[in-house]
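What follows is calculated from the coordinates using simple rules that are stated; it is not laboratory data. Note that the structure is a prediction, hence the values are computed from the model and not measured. Reconstructed Cβ throughout: ideal geometry from the backbone, glycine too, with neighbour counts over all protein chains shown.
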Amino acid sequence: MDVVLPRIRVVAAVIEANGKYLITQRRLDAAMPLLWEFPGGKVEPGESDAVALARELAERMAVGVHVGDELFSVTREYDAYIIDFHVYLCGLLSENIRTLGIADYRWVDSDELDDFDFPAVDQETVEALLVR
């Protein structure tokens with residue numbers, strides 16, 4: 001009998017300012033603790049990707065965001081679930097970032113991205129940015 005894994009839709013924001021990208025560090029109590037990622041989170045039932053991204057960034061960093069075009073998407077299967085990961089180009093509407101639901105954040109140049117440990121799906125975002 002085939003086991004049907006739950007699918008989780010996750011959205012992430014690629015935010016660039018002055019040639020640097022915003023990355024955030026997962027909290028110690030999160031899944032994959034202290035890894036770095038592009039900010040975002042799970043899409044709740046009934047939410048659009050844009051609404052989910054705006055909510056997640058407001059909850060985690062107390063910022064507003066303009067959600068632009070989808071950069072790319074990837075599906076990744078893990079042991080217990082499948083992630084449908086969608087990445088959007090976004091712009092910050094406010095600059096005062098707070099660490100409400102994240103451990104830390106950094107603005108990094110594209111050539112610095114390899115200095116940070118990312119989960120597998122975020123690593124694919126790094127690779128996509130490096131070939132842009």
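Give me the net charge of Arg9's neighbourhood, meaning all other residues with Cβ under 10 Å from the Cβ of Arg9; Lys, Arg count +1, Asp, Glu -1.
-2
Got a sec? Charge dipole of the chain, +1 on Cβ for Lys and Arg, -1 for Asp and Glu; which of Val51, Gly68, Phe85 is way out at the positive end?
Towards the positive end, the residue furthest out is Val51.
Where nothing but the Cβ of Lys and Arg (+1) and of Asp and Glu (-1) is charged, how large is the charge dipole of the stretch 1-94 around its Cα centre, in debye to the nearest 20?
280
Most fluctuating residue of Gly40, Gly19, Gly101 in a GNM of the chain with Cα springs under 10 Å: which is it?
Looking only at Gly40, Gly19, Gly101, the largest GNM fluctuation is found for Gly19.
Phe72's amide H: which non-local residues (gap 5+, or another chain) put their own amide H closer than 5 Å, with H modeled 1.01 Å from N in plane and none for Pro or chain starts?
Here Val87 satisfy the definition.
Relative contact order for the chain using alpha-carbon pairs under 8 Å, separation at least 6, rounded to a whole percent?
It rounds to 32 percent for the chain.
Taking the chain on its own, what percent of its Cα-Cα pair distances exceed 19 Å?
Value for the chain (Cα pairs over 19 Å): 47 percent.
Ignoring everything except DSSP H segments at least 4 long, calculate the 222 nm mean residue ellipticity for the chain; use -39,500 (n - 2.57) per segment, divide by total residues, nearest 500.
Roughly -5500 deg cm²/dmol at 222 nm, from the helical runs in the chain.
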